[in-house]
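Every number here is computed from the coordinates shown, using simple stated rules; none is lab data. What you are looking at is a predicted structure, and each value in this text was computed from that prediction instead of being measured. Here the Cβ is made from the backbone with ideal geometry for all residues, glycine too, and neighbour counts use every protein chain on show.
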Amino acid sequence: MRSTKGKINKAYAFILVHIFISCISLYLDIGNVYAYSYSEGIVICSSGKVRSDASAQSSVVFCVSKDEKITITDEKKAKDGTLWYQVELNGLKGYIRSDLVKKGAAVSTGTEQTKKTEEVKNEATAATDQQTQASQSGTSQNTDAVIKGTNVIIRTEAKRTSDVRCTLGTGHAVKVEAKVTGEDGKTWYEISFSKNEYFYKGFVREDFLSVNGTAGSSSKPTTQTVRTATGTIKGSHINVRKSVGTESEVVSTVENNFVVTIDGATPDQSGKNWYLVSYTSDGTTLKGYIREDFIDVQVQTSEVPLNPAKAVETGTIKGEGVRIRTTPSLTSNVSWTLPSGSSVQVIGYEDSEERKWCKVAFTANNEPMTGYICADFMEIKKDETKSPQEGNQAKDQSSLTNTVATVKGKNINLRKEPVSGEVILVLNEGQVAAVAEERKLEDGTVWYQIKFSLNGEEKEGYVKSDYLELQEIKTEKMSVAAVDKNRSGAIQGININVRKEPVTGEIVCNLSTGHTVTVTGDQTGSDGKKWYAVAFILNSEPKEGFINADYLTVEEMTASVNGADDGYMKGSIKGEAVRVRESAVNGTVMVQLSIDYPVAIIGETAGSDGYKWYQISFYYGGLTKTGYVRSDFVTITQTSSDGKVSEAEFEQTIASFPESYKASLRDLHAKYMNWKFEAVDTGLDWNDVVAAETAVGKNLIASNSIASWKSTDVRAYDYNTGTWYGFDGKSWVAASPEIIKFYLDPRNFLDDSGIFQFETLDAREYHNEAGVSGVLNSTFMSDTYLDTDGATRSYATTFVEAGAANGISPYHLAARCLQEQGTLGLSASISGTVNGAQNLFNYFNIGAFAANGNSAVMNGLIYAAGTDENYLRPWNSRYRSIMGSAKYVSERYVKKGQNTLYFQKFNVVNSENGIYTHQYMSNIQAASAEAARMKRAYSDLNAPLVFKIPVYKNMPDIKCQKPDSETEPNSYLSSLSVEGYTIAPKFYGDIEQYYLEVEPHVNEVTINATPATASASVWGTGTTSIHNGPNIITISCKAPNGEIRNYTLIVFRKES
């Protein structure tokens, strides 16, 4: 028997070993382990939490809803034996209990692995060289298409409001699956691609995709293979540094999923690699270093033309900040902007959208680029052998005495000597100077020596003629008695002296840029210069004195800028960068005027293009000019010299508004006859806007608001505890769709207070220091402040100066600052005493949000400490903080079309930065609250205010109502149990069905349940009799607002 038993044991052992080897063979193939087979999952519970680990105690990463599809990438058993799935959705990963998901068919995971760091380093370093060396192999890639543009959004559906799948960078190879027409009427491609070792499908609009033709048809090589490395950022607010190492200066920050180009890699002392990256932000190319653990790297192969097209002509840019587009279309992606006078090579032409387009080649940041420019912004020179400047005739030196120059373009160098002289400073568009000398060089280029005053200092230097607009002026000496009427003037400079008498008189006070004065006369001082006699208001007190004419811009005596004195019709420009021509239709472009620029209509003519053209008069660059503009780009604001608009004229001005707006607008017009209302046709569907703006977390409300104002989405509200999740700190929670729709509907604010959230935020002639003082009255900024440089300045004067310097309403700046800092100004953001951030100030809370373990205040002060002269950073004085922030708001919002409080809260107009993104504030009530402060600026509400009010397609007939319910909606239980037994699965408030098996002798069970909200009611609990087989018991929970949730307990009693 022992012998037999031993044989049996050996047989069992052999079988077990054989089974073990067979099992191993299922997972091994010649030493390689197969990965977990990915599969599709469908959420089967009403809502589920995806956690950081396979445990109910781990943190929640994100939430999913019933019927939502997720990818199952792995599985794991918890300590209690519960099976959890590792899942992924939109780039987020985590664990969810297996009983909450229905497992489906297997899906592809993509097999291409990310290259190792050293390989990427070599590829990235070699990429630039490969772009300039033609490959003689003649090979071409097999993929269907490549991405055009930086951080191109790939969406789940062919519409701009659908969810974002991910972003891809320039050159990322994709496969085209289908071509469809999107909801916007444009062509979209369904594409498939790999990214970060995963396989995706999604939709992209055609203008962001370069679809390749059939390769290999030509025997002669026409392309070269170029390998480029790109990286995708991992994490929020990742620092880009000036050099390798965490001690290096921060250049900027980038966000999760942002795509950058990798130009090389360098290890630090610890052996970690730092990637040298480049990317475009707000039209500017930036470079810096990011550590390897914050970036996913991909190496792409693409084909580029072997021989670039030869230039057939040379062109010079006309206009400021002219946009270079990826395709010949006004709606295509902007790849670069060029200043006036930039030279480009024209390599082709295309007709598109009833316009002529030039395909151009140029160099940016030492890299060759191509793109499309509308021909209207190009001056073409046929002869390539001539330099762009050749043919400019130099002026006779003697004729320069009465010549002034106005700078054209941004960031124009002022040099000590022409061409290569030391740069004295950088000038911006509009700087006016006297011309002292002309130099014509051997290469034919012309340089002018110019002189001017800046911040109280005399400046002189040389500027290339391409960047100057010259104009002769007449200088007539004028005595005080010769002035027949008062004129307005504006200070130009910082802390300009106002004296009791010209030249050496006692100093009355100092004024700075933008402060307006009334010129009552002028005379020649003992220094030989003109001095203006002026009267003005400072800190609510009338004052008078004399100012050197060099520091004052004065309107001309005979100028009738707006037609106020001559009976001409008044108008304002409708549109951005509208061209004013010397003659109708084909005349040379004189200047470009932007939206709401005031003009006087002095004549009209029928153009050869079939349009009516207005001859207009306007004030520009300190001079009155005349020109022609097409009538459909002008809005008539006054038809007679008395300034009154008839009822018929008013009805015509509001004709483009829906009927549901008009009654309120008529009421406002009856009270304020000078107000002008403009309908802004967003072209957006109301339902799409609502869907986008009600995304959880996009708009917030104070946590102490009533229940109906707070979202009850499972991602915003914890039904198990009856509490709301905090967003951007515990004081803010997600706003409910109902309150969002109320604030989103413009019709709710067409009254004499709410209307100010639609007031245009551009600088206006009626803005003044008294109005700013009205906004600041009874607040911490109602008086002066002592700055870090020892100077005492007025807040009101500073805001006026900031507004004038940046073309933005000083009333808006003052109101925005109060919105951020409160009326008492007790925020640490402007105290200057925060430990580690002493003497740093952030009045507008730019960059102030809680992240990376820092408070919002600290991150805002870290931003203030950065170096960026464009925005006057570091903000180590109160003055620099206000002035720099004003420029930031102006350039990034107002001048991008977000020129009302409403448009800054809800971005439905600025497609360049992304509709529904780039929204200044998340507080749903911010625009309305700030509007009330804006109203305080006007002592005379009959000023000619302009309001831009959005209009949407398919708006509801009745305006959206403000919710007022204070009762909570929570009908969840926080606990459910049976005395003496354990139910399955483990209780969670969002799971509504449970099971229990008992022995045959059990005749009754006792059920206990507790509501998540104390004021909710529960029934179905207590002792219940049971019988053999299944017993279905319902336990109900009724929320305070009347909603009822039913839980089902199935008790199965075994047969005896």
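On a full-extension model of 0.36 nm per residue, what is the gain between S782 and K201, subtracting their alpha-carbon distance, rounded to one decimal in nm?
In short, 203.5 nm is gained.
How far apart, in nm, are two points set 7 Å out from the Cα along the Cα-to-Cβ line at A850 and at K451?
Taking the simple label geometry, A850 and K451 are separated by 6.0 nm.
Counting only other residues whose beta carbon sits under 14 Å from that of V772, what net charge do I get with K and R as +1, D and E as -1?
Residues close to V772 contribute a combined charge of +3.
Could you pull out which residues in the range 585-611 have an amide N less than 17 Å from a spot 7 Å beyond the Cα of Q652, following the Cα-Cβ vector?
Backbone N within reach: 600-605.
Taking amide hydrogens as modeled 1.01 Å from N in the peptide plane, which residues meet the under 5 Å criterion relative to M590, leaving out close sequence neighbours?
V580, R581, E582
What FRET efficiency comes out for the pair A663/T626, r = Cβ-Cβ distance, R0 = 45 Å, nearest 0.05?
0.65
Let's test the formula: R0 of 56 Å, r as the Cβ-Cβ distance of E544 and K612. What FRET efficiency results, to the nearest 0.05?
For E544 and K612, the calculated efficiency is 0.75.
Please list, in chain and number order, the residues 5+ apart from I295 or on another chain whose amide H is under 5 Å from its amide H, with Hs placed from the backbone.
Answer set, sorted by chain and number: K234.
State the extension gain, in nm to one decimal, for the chain segment bounded by T1034 and E765, taking 0.36 nm per residue of separation less the distance between their alpha-carbons.
Additional length available on full extension: 89.8 nm.
Between T823 and I958, take the C-beta separation as r, use R0 = 22 Å, and let me know the FRET efficiency to the nearest 0.05.
About 0.05, to the nearest 0.05.
Could you order peptides 657-667, 609-619, 967-977 by the average number of other Cβ atoms within 10 Å of their residues, highest first?
967-977, 609-619, 657-667
Note down the Stokes-Einstein diffusion coefficient of the range 580-620 in µm²/s, whole number, using a Kirkwood radius over alpha carbon pairs, 10 °C, and 1.306 mPa s.
This corresponds to a translational diffusion coefficient of 145 µm²/s.
Each label point is 7 Å from the Cα along the Cα-to-Cβ direction; what then is the distance between the points at E350 and I1050, in nm?
6.2 nm
Multiply the residue separation of T246 and N835 by 0.36 nm, subtract the distance between their alpha-carbon atoms, and state the gained length in nm to one decimal.
210.0 nm
Under a 5 Å amide H to amide H cut-off, with H placed in plane at 1.01 Å, what residues pair with G697 once short-range neighbours are removed?
For G697, the qualifying residues are A735.
For the pair H237/K103, report the inter-label distance in nm, with labels modelled 7 Å from Cα in the Cβ direction.
The two pseudo-label positions are separated by 4.1 nm.
List residues of the range 995-1012, by number, whose backbone nitrogen lies under 17 Å from a label position 7 Å along Cα→C-beta of A984.
995-1000
Under 1.5 on a/c is rounded, so check that first for the range 973-1053, then, if it is not, pick prolate when a/b is larger than b/c and oblate when it is not; a ≥ b ≥ c are the square roots of the alpha carbon gyration tensor eigenvalues.
Since a/c reaches 1.5 and a/b is larger than b/c, the shape of the range 973-1053 is classed as prolate.
Which whole-Hz ³J(HN,Hα) couplings does the range 1042-1053 yield from phi under the Karplus relation 6.51 cos²θ - 1.76 cosθ + 1.60, θ = phi - 60°, glycine and proline marked x?
Those phi angles translate into x, 5, 10, 10, 9, 9, 10, 10, 9, 9, 9, 9 Hz.
Can you sort R205, R892 so the residue with the fewest Cβ neighbours within 10 Å comes first?
Starting with the residue having the fewest Cβ neighbours, the order is R892, R205.
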